[in-house]
Amino acid sequence: MNGVFAMNQAMGLESMLRALTERHGRQAPVHDQAYGLSGSAPRKRCRAIAVAGGKGGVGKTTVSVNLGMALAMDGHKVILLDADMSLANIDVLLGLTPTRHIGHLLDGSCSIDDLLMSAPHGLKVVPAGSGTRRLAQLGAGEHAAVIRAFDDLVTPPDYLVVDTAAGLSDNVAMFAAAADDVVVVVCDEPASLTDAYALLKVLSRDFGVRRFRMVANMVRNVGEARQLHQKLARVCDRFLDVALEFMGQVPQDERLRQAIRRQSAVVDLWPSSRSGLAFKQLAGAVDTWGEPERLGLDRIAFFSRQAAVATGW
Ligand SMILES: Nc1ncnc2c1ncn2[C@@H]1O[C@H](COP(=O)(O)OP(=O)(O)O)[C@@H](O)[C@H]1O
Ligand SMILES: [Mg+2]
């Protein structure tokens, strides 16, 4: 389905989404009240960071889990959303056993807060629910409902990290375009570069995303990571109207695989390993980012209600 068409269709379903929210009988979320009425200095707005990459197996989930955990270890409130509805595996990676997932949110049997699961260092996880055919084939309205549901969180996080699926489906595009920042994970394989390029093209052309940040994964050193970035940045400069910043690198590390086998994040289990240190650096980089670009309040975005209140919209 064409991306723009999907967005329009999703916006047409606005009333359905409102009904979904109203079914839970929720009042205006506490954070809206705090933003709009308290008169105190507004807290920094929640920042949604989507982790994408186009190709499968490049390390999107690994980066999402460890970046989320590293940010939590730095004292931030972090929620990790598993938005890979077909092959959800964040729960497996972190040794969690979810009893509810996004499907329950969509059928109205629970709220977004009911879905939050606790991982180490206060990290919270929203599991996707693996192997459910229906979830792998969500429509645009349902994607939008998941995105909007984050407005209802009783306590919004500082960061929402969104792990997206492989490929260029509307599922991936909508979650990435709804975030404030898109981190593209790339490794030194031709297919990874071409798939990342295709993703950037779709997100910029159909969804107006203009700025991306690249993480080079499974590299040998920083030099190799920078080279990889230059390769992709060069074609982007030439053919696309986007900026691709270098965010950092994660080395190929056996410790990381061992951590996965132990169903833990390497940054938690072995924070001083090469990959553990790299993830801490990535989290440090996030802390230095300036205010996110806003793409207009009429688009489907995470925490858009907060943005609306903050800007007096
Ligand atoms: N930096 C790394 N060092 C070693 N192995 C890695 C690294 N990053 C990812 N991997 C391996 O690649 C596999 C696929 O990573 P994953 O994050 O699931 O990819 P994706 O989410 O993009 O499909 C992991 O199970 C892990 O074994
Ligand atoms: Mg994955």
* Pick out the one residue from Gly108, Gly129 that is surrounded by fewer than 18 Cβ atoms within 10 Å (Cβ to Cβ), small (Gly, Ala, Ser) and over 27 Å from Trp270 (Cα atoms). => Gly108
* Residue, farthest from Val125 (Cα to Cα), within segment 138-192, restricted to residues that are β-branched (Val, Ile, Thr) and touching a Gly at 6+ places or on another chain (Cβ under 9 Å) -> Val186
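Among the residues of segment 66-91, write down those that are over 19 Å from Phe150 (Cβ atoms) and either more than 9 Å from ligand 2 (Cβ to nearest atom) or in contact with a His (Cβ under 9 Å, 6 or more places away or on another chain) (or both). Break it down into steps so the answer makes sense when it comes.
Of segment 66-91, the ones over 19 Å from Phe150 (Cβ atoms) are 66, 69-70, 73-75, 86-87, 89.
Result: Asn66, Met69, Ala70, Met73, Asp74, Gly75, Ser86.
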* Asked: Among the residues of segment 241-294, how many are open to solvent by 30 Å² or more (accessible area, probe 1.4 Å) and within 16 Å of ligand 2 (Cβ to nearest atom)?
  -> 3
* Asked: Which of the residues that make up segment 160-171 are open to solvent by 10 Å² or more (accessible area, probe 1.4 Å) and more than 16 Å from ligand 1 (Cβ to nearest atom)?
  -> Asp170
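Inside segment 246-296, counting only helices (runs of 4 or more DSSP H) that do not spill past its ends, which hold 1 or more residues that are within 17 Å of Met73 (Cβ to Cβ), within 12 Å of ligand 1 (Cβ to nearest atom) and not aliphatic (A, V, I, L, M)? Step through it out loud before you land on a result.
Values: elements: 254-261, 266-269, 274-288.
Hits in segment 246-296: 254-261, 274-288.
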* Asked: Taking into account only those residues within segment 177-230 that are of a type in the set (Gly, Ala, Ser) and within 11 Å of Gln249 (Cα to Cα), which is most open to solvent (accessible area, probe 1.4 Å)?
  -> Gly223
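Could you please find all residues in segment 260-287 being over 21 Å from Asn221 (Cβ atoms) and out of contact with any Pro (no Cβ under 6 Å at 6 or more places or on another chain)? Give the steps one after another, and end with the answer.
At the first step, the residues of segment 260-287 found to be over 21 Å from Asn221 (Cβ atoms) are 260-265, 268-269, 286-287.
Within segment 260-287, Ile260, Arg261, Arg262, Gln263, Ser264, Ala265, Leu269, Val286, Asp287 meet the criteria.
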* Filter segment 43-82 for residues that are of a type in the set (A, V, I, L, M, F, W, C) and within 11 Å of ligand 1 (Cβ to nearest atom) and give the result. => Val51, Ala52, Val58, Val63, Val65
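The values are calculated or read from the model by the stated rules, or taken from the named source; none is laboratory data. Note that the coordinates shown come from a computational prediction; the quantities given were computed from them, not determined experimentally. Quick reminder, even Gly has a Cβ in these numbers, built from the backbone with ideal geometry, and neighbours come from all protein chains shown. The protein model used for the area step is the full one, side chains on, heavy atoms only, and it has no ligands, DNA or RNA in it. Shrake-Rupley method; radii C 1.70, N 1.55, O 1.52, S 1.80 Å.
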